[in-house]
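This report refers to the structure that appears directly beneath it.
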Amino acid sequence: EERVAYGSARWAKHGRGLFIVHDEDSEFHRLKYYDLETRKFTDLTPDIPWDVRELHQSPRGDRLAFTTNEGGISRVYLLDTASMRYEPVKGLPAGQISGLRFHPDNNRLALGIDTPRTPGDIYVLDLRDGALERWTYSEVGGLDTGNFLVPELVNYPTFDRKIPCFYYRPRGKGPHPVLIHIHGGPEIQYRPFFRAITQYYVTELGVAVLAPNVRGSAGYGESYLKLDNGYKREDSVRDIGALLDWIQTRPELDADRIALMGGSYGGYMVLSSMIRFGNRIRCGTEAVGISNFVTFLENTKGYRRDLRRVEYGDERDPEMRKFL
């Protein structure tokens, strides 16, 4: 029996069905319509190979706005609930989009948008002419956000696939020292939103920041999510080794000045990478990282233990315990 993960859901305005997000028979969370009379699902987004996230229906029920996570960047689509056809909304800033809300007049859509250059702000999109109006300007200490940098999405090769990585490149020729930022989780995803400290590293200190979504990260399908489970744990560490190789191919980066940073599971990745690639890394800093999976599993809260055993391995099994 397949286990299905359900996400956002909204009643259709006529009450005869539901718009619902789930991942049955798919690598990703898709938007589907469930007919209460026939008790059947209709897949509405088979051509979008990414997760559908948030839903909001217009007051008249004639439109459904939804967001997707496409490689870490949010996209917004509008679906006509009569034809069940959708179109992408163009001209939005690249970043993280949430908090979709239709105006009571049915013609405007509010969005919260957080970009690498600007903290979360409220925008309103006029659906009649596509005009986008910014309503708020979040505090940045008087700094000129035009000087902040937007990361480039790169894909670097490993032993069996390519790994997505967000690359904040400082101005100038370099060679620039490098900070590799490894997210925690491990089943989360680095997504480019506003981080003041990252902009400080890149714009003030001239440090290049690389944020890889190593295997096991969310957002790239269920198979990718499971690539580091159990005995495959060290394959995610090998992804960091492949990133070190990629850095050596880039003349603007200084392969002799590389630092690592991460917290929680990212802290484990820092510790493990410093052991495995210690002669290639200048320094590292980790916060609340896992240094021993056996003692971690034995001492974490009971409600977390079974969930973590699926990810890291069951320490009660003698062979897995030895491996851990």
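Residues in segment 73-97 that are within 23 Å of Arg134 (Cβ to Cβ), at pLDDT below 95 and among the small types (Gly, Ala, Ser): Gly91, Ala94, Gly95. Filtered by the rule that a residue be open to solvent by less than 50 Å² (accessible area, probe 1.4 Å) and either at pLDDT 95 or above or closer than 17 Å to Ile188 by Cα (or both), segment 298-308 gives a lone residue, Arg308. Taking the conditions exactly as written (loosely packed, with under 12 Cβ neighbours inside 10 Å, at pLDDT below 95 and over 29 Å from Ser74 (Cα atoms)), does Gly230 satisfy them or not? Judged against the criteria, Gly230 is not a match. Go through segment 234-287 and give me each residue that's among the aliphatic types (A, V, I, L, M) and under 16 Å from Val154 (Cα atoms). Scanning segment 234-287 gives Ile240, Ala242, Leu243, Leu244, Ile247, Leu253. Within segment 265-321, how many residues turn out to be touching a Ser or Thr at 6+ places or on another chain (Cβ under 9 Å) and of a type in the set (A, V, I, L, M, F, W, C)? Going through segment 265-321 one residue at a time, the tally reaches 7. In segment 193-208, the residues that are in a helix (DSSP H, G or I) reach residues that are surrounded by 16 or more Cβ atoms within 10 Å (Cβ to Cβ) and among the charged types (D, E, K, R) with C-beta atoms within less than 9 angstrom, at least six apart or across chains, in these pairs: Gln199/Arg117; Val202/Arg169.
Of the numbered criteria (1) of a type outside the set (Asp, Glu); (2) assigned to a loop (DSSP other than H, G, I, E, B); (3) closer than 22 Å to Gly95 by Cβ; (4) open to solvent by 10 Å² or more (accessible area, probe 1.4 Å), the one Leu179 fails is (2). Do we have any residue at all in segment 149-162 that's open to solvent by less than 40 Å² (accessible area, probe 1.4 Å), of a type in the set (A, V, I, L, M, F, W, C) and more than 25 Å from Gly216 (Cβ to Cβ)? Scanning segment 149-162, I find at least one residue that is open to solvent by less than 40 Å² (accessible area, probe 1.4 Å), of a type in the set (A, V, I, L, M, F, W, C) and more than 25 Å from Gly216 (Cβ to Cβ), so the answer is yes. Please give the number of the condition Trp11 fails out of (1) more than 16 Å from Val124 (Cβ to Cβ); (2) of a type in the set (Phe, Trp, Tyr); (3) open to solvent by less than 40 Å² (accessible area, probe 1.4 Å). Result: Trp11 passes all but (3). For segment 88-107, a residue qualifies if it is surrounded by fewer than 18 Cβ atoms within 10 Å (Cβ to Cβ) and within 11 Å of Arg63 (Cα to Cα), and the qualifying residues are Asn106, Asn107. Looking only at segment 20-57, residues that are farther than 26 Å from His103 by Cα and touching a Pro at 6+ places or on another chain (Cβ under 8 Å) come to 2 in all.
Would you say Gly266 is in a helix (DSSP H, G or I) and within 20 Å of Gly185 (Cα to Cα)?
Spelling it out, Gly266 is indeed in a helix (DSSP H, G or I) and within 20 Å of Gly185 (Cα to Cα).
Among Glu37, Glu54, which is the only one that is closer than 30 Å to Phe148 by Cβ, open to solvent by 20 Å² or more (accessible area, probe 1.4 Å), without any contact (Cβ under 8 Å) to a residue 60 or more places away in the chain and of a type outside the set (Gly, Ala, Ser)? Matching residue, one of Glu37, Glu54: Glu54. Scanning segment 233-250 for residues that are of a type in the set (Val, Ile, Thr) and surrounded by 15 or more Cβ atoms within 10 Å (Cβ to Cβ) returns Val237, Ile240, Ile247.
Yes/no per residue for (1) closer than 27 Å to Pro192 by Cα; (2) under 17 Å from the mean Cα position of the chain (by Cα):
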site: Ala12; (1), (2): no, no
site: His22; (1), (2): yes, no
site: Arg39; (1), (2): no, no
site: Asp43; (1), (2): no, no
site: Asp47; (1), (2): yes, no
site: Gly61; (1), (2): no, no
site: Thr67; (1), (2): yes, yes
site: Gly71; (1), (2): yes, yes
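Taking residues in segment 127-152 that are farther than 19 Å from Val207 by Cα and among the acidic types (Asp, Glu), and partners anywhere that are modelled with pLDDT of 90 or more and assigned to a loop (DSSP other than H, G, I, E, B), the pairs with Cβ atoms closer than 8 Å and at least 6 places apart or on different chains are Glu139/Pro119.
The values are calculated or read from the model by the stated rules, or taken from the named source; none is laboratory data. The shown structure was predicted, so the numbers you read here are calculated from the model rather than taken from an experiment. A quick note on method: Cβ atoms are made from the backbone with ideal geometry, for glycine too, and the neighbour counts reach across all protein chains shown. The protein model used for the area step is the full one, side chains on, heavy atoms only, and it has no ligands, DNA or RNA in it. Shrake-Rupley method; radii C 1.70, N 1.55, O 1.52, S 1.80 Å.
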